[in-house]
Amino acid sequence: MALILSIETATTNCSVALSRNGKTITLKEDFRNGYSHAEKLHVFIDEVLNESKVTRKNLDAIAISKGPGSYTGLRIGVSAAKGLAFALDKPLISVPTLNVLAKQVNCDDGVIVSMLDARRLEVYSAVYDSGYNQIRNTQAEILDPDSFQNYLKENTVYFIGNGVAKTKEIVNHSNAVFIEEKLPSANEMSTLAYHKYKIGDIEDVAYFEPYYLKDFVALKPKP
C-alpha cells in the first residue's frame, strides 16, 4: 500500500491531496483568485492527514507539481514538499503541472492542449493525446491566429486551463473545444504520482528545483 501526499501550488489553487494506491482519499483546496498558499498550505496538509487519520511518518512519499506556473506559488510548494521529504526521510516525486491539468479532460479521441496563462498574449502549454501521452514538448509561446492549427485541422482539440480565456479570443476553429475556469489540482496528481512511485522515479531532495520554463522577472512597483 502506498500513501502519497500531493501538493499543487503552481497557480492560484492551493491544493493538497492524500492518495492510497493512486486513488485520492482526501482533498483540500482553495480556488479563490488570490494566492493563499503561504496561509493555507500547511493548514491543508494537517487537515488532510487528520481527516484521513494518517500520521506523517506513515506516508510513503511526497509528491509536488513541479511547474511551469507561478514563480512564487512553485517556490512555496516545492519548499514545503522538500522540507517534508527531508524531515520524514521519504522519497520526493515531481509531476509536470500541465500533465496534471490535462488529466481533467476525459475524451476518447482528439488532442488535449493544457495551458496556463503567462504575460500578455503568452501561455505555457503542452499537447497530449487522449491517453495523456505528451506529443509536443512544453513551451512558452505567444498566441496568434495560427497557433495550434496543425492539430485543429485533423482533430478535436480540447483547450483547458486558465490560458483558455485569451486563447479563444485569438484561435478560431470549429474543432476547438474550450474548457474554461479549470486549474491544476492535487486530485489528478494521485495517479501520476503513484505511477512514478511504483517505478522508482524520484527526485534528489537536495538539488530538486521547480520547472519555471522561463526566468523570473521582477516587476517594478507602480509609483
- request: Kindly list the number of the only condition in (1) over 30 Å from residue 140 (Cα atoms); (2) of a type in the set (Lys, Arg); (3) in contact with a helix residue (DSSP H, G or I) (Cβ under 8 Å, 6 or more places away or on another chain) that fails for residue 53.
  value: (3)
message: Give all pairs with beta carbons closer than 9 Å in which a residue from the range 29-45 that is in the same structural domain as residue 82 (by TED's automatic domain parsing) meets a residue that is of a type in the set (Phe, Trp, Tyr) and in a helix (DSSP H, G or I); count only pairs at least 6 apart in sequence or on separate chains.
response: 29/44; 30/44
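Being exposed (fewer than 15 other Cβ atoms within 10 Å of the Cβ) and either closer than 26 Å to residue 82 by Cα or outside the structural domain of residue 92 (by TED's automatic domain parsing) (or both) is the requirement here; does residue 135 meet it?
So residue 135 passes the test.
Name the single residue, out of those in the range 181-215 being among the basic types (Lys, Arg) and not in a helix (DSSP H, G or I), that is nearest to residue 44 (Cα to Cα). Reasoning before the result, please.
Taking the range 181-215 first, the residues among the basic types (Lys, Arg) are 182, 196, 198, 214.
This time we only want the ones that are not in a helix (DSSP H, G or I), so: 182, 214.
Details: 182: 20, 214: 29 Å.
It comes out as 182.
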- prompt: Considering the range 147-173 alone, what residues qualify as being under 30 Å from residue 34 (Cβ atoms) and of a type in the set (A, V, I, L, M)?
  reply: 160, 164, 165, 170, 171
statement: Of the conditions (1) farther than 25 Å from residue 200 by Cβ; (2) surrounded by fewer than 19 Cβ atoms within 10 Å (Cβ to Cβ); (3) touching a Lys or Arg at 6+ places or on another chain (Cβ under 8 Å); (4) not aromatic (Phe, Trp, Tyr), the single one that residue 50 does not satisfy is (3)
- line: Of (1) closer than 17 Å to residue 187 by Cα; (2) part of a helix (DSSP H, G or I), residue 63 fails just (2)
- prompt: Being within 27 Å of residue 16 (Cβ to Cβ), at pLDDT 95 or above and over 21 Å from the mean Cα position of the chain (by Cα), is that true of even one residue in the range 197-215?
  reply: yes
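What number of residues within the range 3-15 satisfy the criterion of being in contact with a Phe, Trp or Tyr (Cβ under 7 Å, 6 or more places away or on another chain) and farther than 14 Å from residue 79 by Cβ? Even if it seems obvious, please write down each step before you answer.
Just the residues of the range 3-15 that are in contact with a Phe, Trp or Tyr (Cβ under 7 Å, 6 or more places away or on another chain), to begin with: 4, 12-14.
When the remaining residues are screened for being farther than 14 Å from residue 79 by Cβ, the result is 4, 12-13.
Result for the range 3-15: 3.
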query: Which of the residues belonging to the range 16-41 are outside any strand (DSSP E or B), out of contact with any helix residue (DSSP H, G or I) (no Cβ under 7 Å at 6 or more places or on another chain) and either aliphatic (A, V, I, L, M) or surrounded by 15 or more Cβ atoms within 10 Å (Cβ to Cβ) (or both)?
result: 36, 40
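For every residue, the table says whether it meets (1) touching a residue at least 24 places away in the same chain (Cβ under 8 Å); (2) under 15 Å from residue 185 (Cβ atoms).
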| position | (1), (2) |
| --- | --- |
| 11 | yes, yes |
| 19 | yes, yes |
| 25 | yes, yes |
| 48 | yes, yes |
| 53 | no, no |
| 71 | yes, no |
| 79 | no, no |
All positions within the range 142-154 that are surrounded by fewer than 18 Cβ atoms within 10 Å (Cβ to Cβ) and part of a loop (DSSP other than H, G, I, E, B): 144, 145, 146, 153, 154
- request: Considering (1) surrounded by fewer than 21 Cβ atoms within 10 Å (Cβ to Cβ); (2) among the charged types (D, E, K, R); (3) in contact with an Asp or Glu (Cβ under 8 Å, 6 or more places away or on another chain), say which one residue 109 fails and leave the rest.
  value: (3)
task: Report, by residue number, each residue of the range 68-118 that is among the hydroxyl-bearing types (Ser, Thr, Tyr) and in a helix (DSSP H, G or I).
output: 71, 72, 79, 97
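The values are calculated or read from the model by the stated rules, or taken from the named source; none is laboratory data. This is a predicted model, so every value here is computed, not measured. So basically every Cβ, Gly included, is an ideal-geometry build from the backbone, and we count neighbours across all protein chains shown.
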